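Here's the structure we're looking at; comments come further down.
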Protein chains: 2
Amino acid sequence: MFTLAEENYLKAIFHLENDYGAGVSTNAIADKMDTRASSVTDMIQKLADKKVISYQKYKGASLTKKGKSIAVNIIRKHRLWEVFLVEKLDFQWDEVHEIAEQLEHIKSDELIQRLDLFLEYPDFDPHGDPIPDRNGYIKPTEKKLLSKLKKNQRGICVGVKESSATFLQYLDTRKIGIGSSITVIDKEEFDQSMTILVSNKQFFITKKIAENLYLKTI
Amino acid sequence: MFTLAEENYLKAIFHLENDYGAGVSTNAIADKMDTRASSVTDMIQKLADKKVISYQKYKGASLTKKGKSIAVNIIRKHRLWEVFLVEKLDFQWDEVHEIAEQLEHIKSDELIQRLDLFLEYPDFDPHGDPIPDRNGYIKPTEKKLLSKLKKNQRGICVGVKESSATFLQYLDTRKIGIGSSITVIDKEEFDQSMTILVSNKQFFITKKIAENLYLKTI
DNA sequence: TTTATTTTTTAGCCTTATCTAAATTTAAAG
DNA sequence: CTTTAAATTTAGATAAGGCTAAAAAATAAA
Ligand SMILES: [Mn+2]
Ligand SMILES: [Mn+2]
Ligand SMILES: [Mn+2]
Ligand SMILES: [Mn+2]
């Protein structure tokens, strides 16, 4: 059995490996977990002893098969609970992450299996992130960052990369959400800022915004 | 904010005060929490510092107003989650306690308010225990232990005192549940054992069983 | 009212998960 | 190929929450 802290480390390492490739650095983990590098070293040594990561001093950490499976299961729980909170309890998509951070650590396989059924086996969470199935399989989806699109290209918003409340609220005020159709009207070579069209309105957005919106191009 | 361990102590002290009156002994708490008296002493000293219990050395502990309010809120969460598990996820009444022990510590007032609404403001949990309202008010209910009934008296089962899986499963095999009509056919003076009638069947039950079933007499 | 027993508290130690400060290793510059 | 800087690990502390063993206080017996 794994402690809450261990589970959070495994989840963080999973996301970092996913985003930047295998061999996650101590500092990268410390950054993501908002903790100190020395604390991370202690923990990854413990996780290596437990065979859920492979690790050599100074060389970074990678999840083993077992570690990956634990991480994916926590992510599955997190996303299912987010669906529950939005679909059943009528929370907004910017309100659910913190609560799901707690709920993801509830230990009961039966609970999650029944929750999944109750929610009618959803494929995506409220932020467009795929929900792993009970075997840990994550259906691959083709999605592209808005920042990769060129002038005149168009797509449907299928997800957000960051899901902080502030970013989600920013999107709310501009009526951008999962399912929104987005067209690049203009793109500035100099700073990668864009003018986009969303439901008949034009907005100016910075590179940072465009780098956090996933589209399915059409 | 209170830790998981602190919350569990407050809840235990609340239940002990409820069952046996104010001034809960160190050993009683140790027993209920399945821990050592020395650990309890440490914790009640800390809880006294935090003003959630009043405590003098060697004299036992009692919840303050603040402590009671925290305890009742945890109990409210526990029971609401149990309703959720049974009513929405189709768990059996003997399967929910352990999961609710975890869920009761999730911190979000908004979550509980919305869960309460989603469940349509239930008054009782699956074991017949009353659910405190958001102000901590517990509606008083008249219920009597089956062991207090005399020969030929009758009642409706409205709750169980113990809610261990083994006891609940024992009741299941005899088709005794919340709402069952129970009649005392005979009562043995010597050992307080009883013969009872439940849905046209007679059962022999020990004193211990009769002391864990709550009835509303009619 | 002494003595014995039970209850409670204290003392000292352990584990987990943190931290700061110092040492060490690796990577980057010159 | 040295020197410097950055990243990582180690050393030593701390706080929470638990334990055992011993001391102290309260109760019960004699
Ligand atoms: Mn989330
Ligand atoms: Mn999400
Ligand atoms: Mn329960
Ligand atoms: Mn219950």
Applying the selection to segment A:82-99, what residues are farther than 22 Å from B:Gln92 by Cβ and either away from ligand 2 (no atom under 11 Å from the Cβ) or facing chain B (nearest Cβ under 10 Å) (or both)?
A:Leu85, A:Glu87, A:Leu89, A:Asp90, A:Phe91, A:Gln92, A:Glu95, A:Val96, A:Glu98, A:Ile99
Can you name every residue in segment A:119-158 that is more than 16 Å from the chain's Cα centre (by Cα) and among the basic types (Lys, Arg)?
A:Arg134, A:Lys148, A:Lys150, A:Lys151, A:Arg154
Within segment A:9-35, can you find the residues that are surrounded by 20 or more Cβ atoms within 10 Å (Cβ to Cβ) and near DNA strand C (Cβ under 10 Å from one of its atoms)?
A:Tyr9
Checklist (1) more than 13 Å from chain B (Cβ to nearest Cβ); (2) on the phi > 0 side of the Ramachandran plot applied to A:Glu17, failing item
(2)
Taking segment A:172-212 only, how many residues are of a type in the set (D, E, K, R) and closer than 15 Å to A:Gly155 by Cβ?
2
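So which residues in segment B:97-111 are of a type outside the set (Asp, Glu) and more than 16 Å from ligand 4 (Cβ to nearest atom)? Spell out how you get there, then give the answer.
Keep residues of segment B:97-111 that are of a type outside the set (Asp, Glu), which gives B:97, B:99-100, B:102-103, B:105-108, B:111.
B:Ile106, B:Lys107, B:Ser108, B:Leu111 - these are the residues of segment B:97-111 that are of a type outside the set (Asp, Glu) and more than 16 Å from ligand 4 (Cβ to nearest atom).
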Can you spot a residue in segment B:151-168 that is within 14 Å of another protein chain (Cβ to nearest Cβ) and surrounded by 14 or more Cβ atoms within 10 Å (Cβ to Cβ)?
yes
Filter segment A:28-83 for residues that are in contact (Cβ under 8 Å) with a residue 12 or more places away in the chain and polar (S, T, N, Q) and give the result.
A:Thr41, A:Ser62, A:Thr64, A:Ser69, A:Asn73
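Residues B:Asp172, B:Asp109, B:Asp125: which one is closer than 21 Å to B:Val96 by Cβ, modelled with pLDDT of 95 or more and in the same structural domain as B:Trp93 (by TED's automatic domain parsing)?
Working: B:Asp172 fails: in the same structural domain as B:Trp93 (by TED's automatic domain parsing); B:Asp109 fails: closer than 21 Å to B:Val96 by Cβ.
Among B:Asp172, B:Asp109, B:Asp125, only B:Asp125 is closer than 21 Å to B:Val96 by Cβ, modelled with pLDDT of 95 or more and in the same structural domain as B:Trp93 (by TED's automatic domain parsing).
Among the residues of segment A:177-218, which ones are aliphatic (A, V, I, L, M) and buried (at least 18 other Cβ atoms within 10 Å of the Cβ)?
The first filter runs over segment A:177-218 and keeps only residues aliphatic (A, V, I, L, M), leaving A:178, A:182, A:184-185, A:194, A:196-198, A:205, A:209-210, A:213, A:215, A:218.
Once the filter is applied, which keeps residues that are aliphatic (A, V, I, L, M) and buried (at least 18 other Cβ atoms within 10 Å of the Cβ), segment A:177-218 yields A:Ile182, A:Val184, A:Met194, A:Ile196, A:Val198, A:Ile205, A:Ile209, A:Ala210, A:Leu213, A:Leu215.
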If you take the residues of segment A:63-101 that are surrounded by fewer than 18 Cβ atoms within 10 Å (Cβ to Cβ) and under 25 Å from A:Asn27 (Cα atoms), which of them is farthest from DNA strand C (Cβ to nearest atom)?
A:Lys65
Residue that is farthest from the other protein chains (Cβ to nearest Cβ) [pool: residues in segment A:102-150 that are surrounded by fewer than 18 Cβ atoms within 10 Å (Cβ to Cβ) and acidic (Asp, Glu)]
A:Glu142
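When you scan segment A:84-107, how many residues do you find that are of a type in the set (Phe, Trp, Tyr) and either farther than 15 Å from B:Ile106 by Cβ or touching a residue at least 24 places away in the same chain (Cβ under 8 Å) (or both)?
Here is the first cut: in segment A:84-107, the ones of a type in the set (Phe, Trp, Tyr) are A:84, A:91, A:93.
From what's left, either farther than 15 Å from B:Ile106 by Cβ or touching a residue at least 24 places away in the same chain (Cβ under 8 Å) (or both): A:84, A:93.
Count: 2.
The values are calculated or read from the model by the stated rules, or taken from the named source; none is laboratory data. Predicted model only: the values in this text are computed from it and were never measured. Neighbour counts are summed over all protein chains in view; Cβ atoms, including those assigned to glycine, are modelled from backbone coordinates with ideal geometry.
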